[in-house]
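Asker: Got a structure for you, written out below as structure tokens; questions coming shortly.
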Amino acid sequence: MSNDPRTRLGLRPVINVSGTMTSLGASIVVPEAVAAMTEILPHFVEINDLQRKASTVIARLTGGEAGFVTASCAAGISLAVAGAITGPDLLAIERLPDVAPARNEVLVQMGHVVSYGAPVDQSIRLAGGKVVMIGQATSTHRYHMENAINERTAAAVYVVSHHVVDYGLLHLSEFIEIAHARGVPVIVDAASEYDLKTFLAAGADTALYSGHKFLGGPTTGIVAGRKEMVRNTFLQNMGIGRGMKVGKESIFGVMAALEAWENRDHEGIRARESGYLSLWREALKDRAGVTALIEPDPTQNPLDRLRVIVDPREAHITAWDLAAALRAGSPPIIVRDHEAEHNYFYLDPCNLHPGEEVVVAERLTAELDKARASNEIIATPIENLSRHRFDGMLRWPD
Ligand SMILES: *Cc1c(COP(=O)(O)O)cnc(C)c1O
């Protein structure tokens, strides 16, 4: 750890038990991708030819006809929507986000309009798309979607994520069936999904993935799908895609990550992660006010997490204060706390370096011991938390 650049820069050596988070640097990039990026950086390449090679690899891994690499999955949403709006019309591509004639409506279920760090609907609007939300937060029915489709409909976007409402909405197969019956292409945001084939196999026209999540590639977005759709999306590199461009190192790096994915010891990784979960559950056993449950991933990724439920009366601390204490201490432990207001958080085992699991267990038990020894219940009012959520961001760079 002596040549850890974080030490040199004065950055905190965070341990990530929150999953794959942009705000923490996404994932541990696999050695094959690191080597590929280093190898190609000194050389000139014809980028569109490199993207052709990427297309072949992406097609093989996703089952799509073609693919290319962009800056991020969020960029992929904007570009895919743009491609659906403009087709191969080069002038229309230059004119975005202005669209004329107005065939720019993009359907999305209201329960899918979430934030992955920025709003889903903004990625559509950036491309000149007009967001048409269908249904209500917790219900979409066929009639919502069927009645929303008209001659101005350009595409329909489907989001797969633990963030979306997980009941009462249209399932992907029905969403695709309704869209295709009226000739509307379906774009699936599968940024954080492990299965690279299932969405295209289900009939989606374009599937979008993050290269820097499960794949362990450099920060990138992977566009895959039907050749014509992918080509129209690729052409946006002469338009709004310019500001979302990737260099040779990212394209080649994610190609290497995809090839490494084919040979990855998926079961071995799963077994290692299970070991971490058992260790943490054991460390939390018989602790006053703490219940630890191993739970499967909500979108069926082959990944379990430990749900740590905290009863503040017994543990003398709330889940959100425990998460904050873990984050503030040394070394900082960042847990998955989107739902901490319900008094639980998760420990995600998928981004740990060997040995860090022990540090996580030690820090957890130390913070719980400290809270338990306190005479008062440590309970910051939850409203204070949300009120101050963006304070640090608004002070940046100070
Ligand atoms: C992470 C995520 C994104 C954003 O992906 P980036 O590649 O980081 O832009 C979009 N949608 C979903 C569902 C995500 O999980």
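Asker: Answer yes or no as to whether Val131 is in the same structural domain as Leu107 (by TED's automatic domain parsing), within 16 Å of the ligand (Cβ to nearest atom), of a type outside the set (Asp, Glu) and more than 27 Å from Ile251 (Cβ to Cβ).
Answerer: When the stated conditions are applied, Val131 passes them.
Asker: What are the residues in the stretch 290-300 that are of a type outside the set (A, V, I, L, M) and buried (at least 17 other Cβ atoms within 10 Å of the Cβ), if any?
Answerer: Asp297, Thr299
Asker: If you check Ile187 against the conditions, is it part of a helix (DSSP H, G or I), closer than 30 Å to Glu259 by Cα, at pLDDT 95 or above and within 23 Å of the chain's Cα centre (by Cα)?
Answerer: no
Asker: Considering every residue within the stretch 215-237, establish whether at least one is in contact with an Asp or Glu (Cβ under 8 Å, 6 or more places away or on another chain) and without any contact (Cβ under 8 Å) to a residue 60 or more places away in the chain.
Answerer: Checked against the condition, which is being in contact with an Asp or Glu (Cβ under 8 Å, 6 or more places away or on another chain) and without any contact (Cβ under 8 Å) to a residue 60 or more places away in the chain, the stretch 215-237 yields no hits at all.
Asker: Looking at (1) surrounded by fewer than 15 Cβ atoms within 10 Å (Cβ to Cβ); (2) within 27 Å of the chain's Cα centre (by Cα); (3) part of a loop (DSSP other than H, G, I, E, B), which is the one condition that is false for Thr380?
Answerer: Only one criterion is unmet by Thr380, namely (2).
Asker: When the stretch 166-201 is examined, which residues are found to be under 30 Å from Ile269 (Cβ atoms) and either within 13 Å of the ligand (Cβ to nearest atom) or among the charged types (D, E, K, R) (or both)?
Answerer: Residues satisfying the conditions are Asp166, Ile187, Val188, Asp189, Ala190, Ala191, Ser192, Glu193, Tyr194, Asp195, Lys197, Phe199.
Asker: Please enumerate the residues belonging to the stretch 232-260 that are closer than 22 Å to Asn351 by Cα and surrounded by fewer than 21 Cβ atoms within 10 Å (Cβ to Cβ).
Answerer: Glu259, Ala260
Asker: Pairs, please: C-beta under 9 Å, at least 6 apart or cross-chain, first residue in the same structural domain as Pro119 (by TED's automatic domain parsing) and polar (S, T, N, Q) and in the stretch 72-95, second more than 16 Å from the ligand (Cβ to nearest atom) and assigned to a helix (DSSP H, G or I)?
Answerer: Close Cβ pairs satisfying both conditions: Thr86/Ala92; Thr86/Ile93; Thr86/Arg95; Thr86/Asn232; Thr86/Leu235.
Asker: Considering each of Glu174, Glu105 in turn, give the residue that is among the acidic types (Asp, Glu), surrounded by fewer than 15 Cβ atoms within 10 Å (Cβ to Cβ) and at pLDDT 95 or above.
Answerer: None of the others qualify; the one that does is Glu174.
Asker: Let me ask something else. Regarding Ala84, is this residue at pLDDT 95 or above, away from the ligand (no atom under 16 Å from the Cβ) and over 21 Å from Ala156 (Cβ atoms)?
Answerer: No, not satisfied.
Asker: Look at the stretch 214-231 and say how many of its residues are surrounded by fewer than 24 Cβ atoms within 10 Å (Cβ to Cβ) and closer than 19 Å to Tyr158 by Cα.
Answerer: Here the count works out to 1.
Asker: Across the stretch 117-138, which residue is farthest from Gln236 (Cα to Cα) among those that are part of a loop (DSSP other than H, G, I, E, B) and at pLDDT 95 or above?
Answerer: Thr138
Asker: Another one. Can you list the helices (runs of 4 or more DSSP H) found entirely within the stretch 264-350 that contain at least 1 residues being under 24 Å from the mean Cα position of the chain (by Cα)?
Answerer: Once the helices (runs of 4 or more DSSP H) in the stretch 264-350 are filtered for at least 1 residues that are under 24 Å from the mean Cα position of the chain (by Cα), what remains is 266-284, 319-328.
Asker: Look at Asn343 and say whether it is more than 27 Å from Ala190 (Cα to Cα) and without any contact (Cβ under 8 Å) to a residue 12 or more places away in the chain.
Answerer: no
The values are calculated or read from the model by the stated rules, or taken from the named source; none is laboratory data. Small disclaimer: the values here were computed from a predicted structure and weren't measured. Because the Cβ atoms are built from the backbone with ideal geometry, glycine has one as well, and the counts that use them run over all protein chains shown.
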